């Protein structure tokens, strides 16, 4: 029996929930790269010929059927959620299955493969730009496929990282949701946060129909982290503060949140956006302002050789202390007085420092200057002292042997 050559990046059952006039057969597609809009069959949309096929010597291996069980389970659970307009009806086993399906979808995209290739290309370019010879190999399409499929062996680990997240269901009354060729949106509302799924502040969005989107939310949001930092990053926050005490109650996403979600989809999708209607005006406006989003081939940027981490683009200007405490993350504006191995500073908010002191043990602390980390200390210690009747603080290593080691290294230099 001949195997299908058309392999889906997004399950057809999910795409059908975004179909034109709910006919389950057609869907509008917007090609960011070519600024082209067209009506496509569900069979053709969200797919690529031989996407899950690999040629090894004389063997032609087709892994498309590997996803069949996953796609079938996902279709059943999503239908149940949409029919009931609630996640309250899904049981513990179904929740575990849903999380595993989301883990699969995170890895099952073109951008996972192009990011792998792009990382090697960027690293090679950075090294050669410094005038050094580089023998870094740029992976072929086949090698990228093999790498991506190998990552599927980590599905249980990824699912475990998602397991502690709070699952919410958002509904829209007016605007329609989109879905893209990178359907899972990963976003961190903290200005210093990264998009690792284990990071505090992480939000993961999965549109499951034109009316509903699933959200996997870091529990820290219910500890008011997003509210606390709204003033630093207000235009980048979806209204997590509107979550009710009953997490199973379907939330209403307001227009501001939907627009920002769509912005994230435009900026994170490889090339294609899918919708039940032909209104992509917002996409054309965003792409006019940010043409770099027309085709995305990487989820990260390799920094310059020897220059440390890139600055966090959402961090405000100035000096800030970020502390990862036992329960909370804390971000406080400070003035650094002296900084070398340790850092002495004045905090602009004494009440915020009291919250830091009460949130032990501290996992780590960083000091940012204009968005760039200039000091990072794991397992930190804070000491308080007074100078001219002003309270000062010193950030240092709790393990003094590490501090002593750095002093010895600097002495040798």
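Just to check, using Stokes-Einstein with a Kirkwood Rh over alpha carbon pairs, what's the diffusion coefficient of segment 249-298 at 37 °C and 0.692 mPa s in µm²/s?
The calculation lands on 275 µm²/s.
Please work out whether segment 78-133 counts as rounded, prolate or oblate from its C-alpha gyration tensor, where a ≥ b ≥ c are the square roots of the eigenvalues and a/c under 1.5 means rounded, while otherwise a/b larger than b/c means prolate and anything else oblate? Walk me through the numbers on the way to the answer.
Working: a/c = 5.64, a/b = 4.59, b/c = 1.23.
Prolate shape, in that a/c is at least 1.5 and a/b is the bigger ratio.
Tell me whether segment 1-77 comes out rounded, prolate or oblate; compute the Cα gyration tensor, take square roots of the eigenvalues as a ≥ b ≥ c, and use a/c under 1.5 as the rounded threshold.
Verdict is oblate for segment 1-77.
Where the centroid of each part is defined by its Cα atoms, how far is segment 1-60 from segment 349-376 in Å?
47 Å
Averaging over every viewing direction, what projected area does the convex hull of the Cα atoms of segment 1-146 cover, in nm²?
13.2 nm²
Taking every DSSP beta bridge with both residues inside the chain, roughly what % is antiparallel (nearest 5)?
Working: 67 of 69 bridges.
For the chain, the DSSP antiparallel bridge percentage is about 95.
Counting each DSSP H run of 4 or more residues in the chain as -39500 (n - 2.57), what helix-only mean residue ellipticity at 222 nm follows after dividing by all residues, to the nearest 500 deg cm²/dmol?
-9500 deg cm²/dmol
Using the 10 angstrom Cβ neighbour count as an exposure proxy, how do 53, 275 rank, fewest first? The partial results should precede the final answer.
Numbers: 53 17, 275 23.
So the ranking, lowest neighbour count to highest, is 53, 275.
Taking the C-alpha atoms of segment 260-353, how large are the radius of gyration and the largest Cα-Cα span, Dmax, in Å?
Using the Cα atoms of segment 260-353, the pair Rg, Dmax is 19.9, 58 Å.
Would you mind computing the Rg to Rh ratio of segment 319-412 from its alpha-carbon coordinates, Kirkwood style for Rh?
Radius of gyration over Kirkwood radius for segment 319-412 works out to 0.96.
Could you grab the relative contact order for segment 319-412? Cα pairs under 8 Å, six or more apart, rounded to a whole percent.
Normalised by residue count, the contact order of segment 319-412 is 26 percent.
Any idea what the alpha-carbon Rg over 2.2 N^0.38 Å comes to for the chain?
The chain yields a ratio of 1.10.
Taken together, the values in this text are just the output of simple stated rules run on the coordinates, not laboratory data. No experiment lies behind these values; they were computed from the predicted model shown. Don't worry about glycine lacking a Cβ; one is built from the backbone with ideal geometry, like all the others, and counts go over all protein chains shown.
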